[in-house]
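Peer 1: Please read through the structure below; I'll follow up with questions.
The values are calculated or read from the model by the stated rules, or taken from the named source; none is laboratory data. Remember, predicted model here, so these are calculated numbers, not experimental data. Neighbour counts are summed over all protein chains in view; Cβ atoms, including those assigned to glycine, are modelled from backbone coordinates with ideal geometry.
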Amino acid sequence: MSIYSSKNYDQLLNESLTALAAQTNITQLGPGSKARSLLEIINQRLAGAYQYLDQRLANSLLASATDIYLDFLGDLLACPRLENSYAWTDAGAQNVCFYVASGTFGDLNNGNSIVVPAGTTLFTQSSDGDATKTITYQVTDNTILPANENLWYVSVQAALPGSLGAIGSGALVNHSLLAYPGLLVKNLVSIANGQDRETDDSYRYRLSKKVTASAEANETAVRLACLSVPGVADVLINPYGLGAGSFEIFVISTSGRTSDALLDLVQHTIDQHQALGITGKARAPITVGLQFQAVVHTERVLNDVEASMLTEQLTQQTVRFMSSFHIGQAFIVNNLLANLIGLSSLIKTIGEPNKPFAQLFIWKPSRTNNGRRRFTLTGNYNTSFNEIVQLEMQDNLTAADFRLVTS
């Protein structure tokens, strides 16, 4: 990219030969002549200087700087490039869990709890059985699976950085604790908060907004800073949420459920950018849990394998649909129904006319204690600005219960 009217070697040589012929009595300017040879040497050096200056000028401007030169501009603005980070989720997000199909963990270990050491490997199963295509995660903390429990959440981190560690829901199905054959593992929602090294285009855009955010404490600055925290999908700023001189930031996680660990990271970022005398607080959205039971009418009688596969497909489709909800987005019954009924040609219909779900509940935080209360939902649910609808996640509770029948 040329910033000014740069000249190449041929242009410089032709101009020099023309000027020499017009301004002197030298006429021997053909190839091999002394005068031409001198001009060729000089103009080779001049062409190199033109190219060098053009590159340096281009790399001094935000619009055209690349690679390390763009990093230099970022250093001037105290805005470094975002480097690789690893996908992760902690136990508080209630995503990755060990579980048993029946009984308790103690049944697998002679009545004792099971110790899961930090570094225990969890990995996906490639579709063609090629081990090189699996994605690996590691448990980050020493964890004890209580003997009297049948499901326990753990904190994990991808072994590879950035998008190389991204997985969909239900992808983690294997682990390295081979001493417990009946011990199962799964991730309920996708994990995709690993960050690749920021590209030049993305970094250039962020630097261009740095001037707007130069005051450090305005809304743009705070929002951009919070969005740069790995694991944050979006934020909602509520001015004066705690009274005059305050604001709240509701954090939406890429994994679907905002954990305390992620809130701590965002709060640290807020503390670095908020102005003197202003209080900012990172909060998780209020989770409105959905629970339902649906009677699925099939086109024909299904064998056990078909029934199991269809139930799994319905469950995974529900998880994907509910994971896409944004804060403040209303729950529309017919939208969920439409996502399920077109999933398979085996499905004839779901539920009864005007009542697609046999039972439909929402769970909300209790005002009187730290638990949650269940309410019957008779139709759509309109959320408040700080609420997000997700599948209810409680131990020993099936949020999406499908019962297959043949009409």
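Peer 1: May I ask you to verify whether residue 360 is more than 19 Å from residue 189 (Cα to Cα) and surrounded by 18 or more Cβ atoms within 10 Å (Cβ to Cβ)?
Peer 2: Values: more than 19 Å from residue 189 (Cα to Cα): yes; surrounded by 18 or more Cβ atoms within 10 Å (Cβ to Cβ): yes.
Yes; evaluated as a whole, the condition is true for this residue.
Peer 1: Condition test on residue 290, is it part of a helix (DSSP H, G or I) and on the phi < 0 side of the Ramachandran plot? Can you show your working first?
Peer 2: Details: part of a helix (DSSP H, G or I): no; on the phi < 0 side of the Ramachandran plot: yes.
No; evaluated as a whole, the condition is false for this residue.
Peer 1: So residue 200 fits all but one of (1) touching a His at 6+ places or on another chain (Cβ under 6 Å); (2) of a type in the set (D, E, K, R); (3) at pLDDT 90 or above; what number is the exception?
Peer 2: (1)
Peer 1: Evaluate the following for residue 75: is it touching a residue at least 24 places away in the same chain (Cβ under 8 Å) and of a type in the set (D, E, K, R)? Quick ask: steps written out before the conclusion?
Peer 2: Details: touching a residue at least 24 places away in the same chain (Cβ under 8 Å): no; of a type in the set (D, E, K, R): yes.
No; evaluated as a whole, the condition is false for this residue.
Peer 1: Filter segment 323-351 for residues that are loosely packed, with under 15 Cβ neighbours inside 10 Å and at pLDDT below 90; which is nearest to residue 170 (Cα to Cα)?
Peer 2: Among those residues, the one meeting the criterion is 324.
Peer 1: Filter segment 384-407 for residues that are in contact with a Phe, Trp or Tyr (Cβ under 8 Å, 6 or more places away or on another chain) and assigned to a strand (DSSP E or B); which is surrounded by the most Cβ atoms within 10 Å (Cβ to Cβ)?
Peer 2: Among those residues, the one meeting the criterion is 388.
Peer 1: Restricting to segment 161-180, name every residue that is without any contact (Cβ under 8 Å) to a residue 60 or more places away in the chain, in a loop (DSSP other than H, G, I, E, B) and within 28 Å of residue 112 (Cβ to Cβ). Steps first, answer last, please.
Peer 2: Filtering segment 161-180 for residues without any contact (Cβ under 8 Å) to a residue 60 or more places away in the chain gives 163-164, 168, 171, 173-174, 176, 178-179.
From what is left, the residues that are in a loop (DSSP other than H, G, I, E, B) are 168, 171, 176, 178-179.
Hits for segment 161-180 are 176, 178, 179.
Peer 1: The conditions are (1) assigned to a strand (DSSP E or B); (2) farther than 26 Å from residue 190 by Cβ, and residue 345 fails exactly one of them. Which is it?
Peer 2: Among (1) assigned to a strand (DSSP E or B); (2) farther than 26 Å from residue 190 by Cβ, residue 345 violates only (1).
Peer 1: Continuing with the same structure: Determine the pairs where a residue that is closer than 18 Å to residue 97 by Cβ, located within segment 240-262, has a partner that is in a loop (DSSP other than H, G, I, E, B) and of a type in the set (Phe, Trp, Tyr) with Cβ atoms under 9 Å apart, the partner being 6 or more residues away or on another chain.
Peer 2: Note: pairs meeting the criteria are 256/325.
Peer 1: Determine, yes or no, whether residue 204 is surrounded by 15 or more Cβ atoms within 10 Å (Cβ to Cβ), touching a helix residue (DSSP H, G or I) at 6+ places or on another chain (Cβ under 8 Å) and farther than 21 Å from residue 286 by Cβ.
Peer 2: Numbers: surrounded by 15 or more Cβ atoms within 10 Å (Cβ to Cβ): yes; touching a helix residue (DSSP H, G or I) at 6+ places or on another chain (Cβ under 8 Å): yes; farther than 21 Å from residue 286 by Cβ: yes.
In short, yes.
Peer 1: For segment 161-191, enumerate the residues that are among the aromatic types (Phe, Trp, Tyr) and crowded, with 20+ Cβ neighbours inside 10 Å.
Peer 2: In the first step, residues of segment 161-191 are kept if they are among the aromatic types (Phe, Trp, Tyr); the result is 180.
Of everything in segment 161-191, nothing turns out to be among the aromatic types (Phe, Trp, Tyr) and crowded, with 20+ Cβ neighbours inside 10 Å.
Peer 1: Those residues that are assigned to a loop (DSSP other than H, G, I, E, B) and surrounded by fewer than 16 Cβ atoms within 10 Å (Cβ to Cβ), I need them from segment 300-315; list them, please. Break it down into steps so the answer makes sense when it comes.
Peer 2: Start the filter on segment 300-315 by keeping residues that are assigned to a loop (DSSP other than H, G, I, E, B), which leaves 300-303.
Once the filter is applied, which keeps residues that are assigned to a loop (DSSP other than H, G, I, E, B) and surrounded by fewer than 16 Cβ atoms within 10 Å (Cβ to Cβ), segment 300-315 yields 300, 301, 303.
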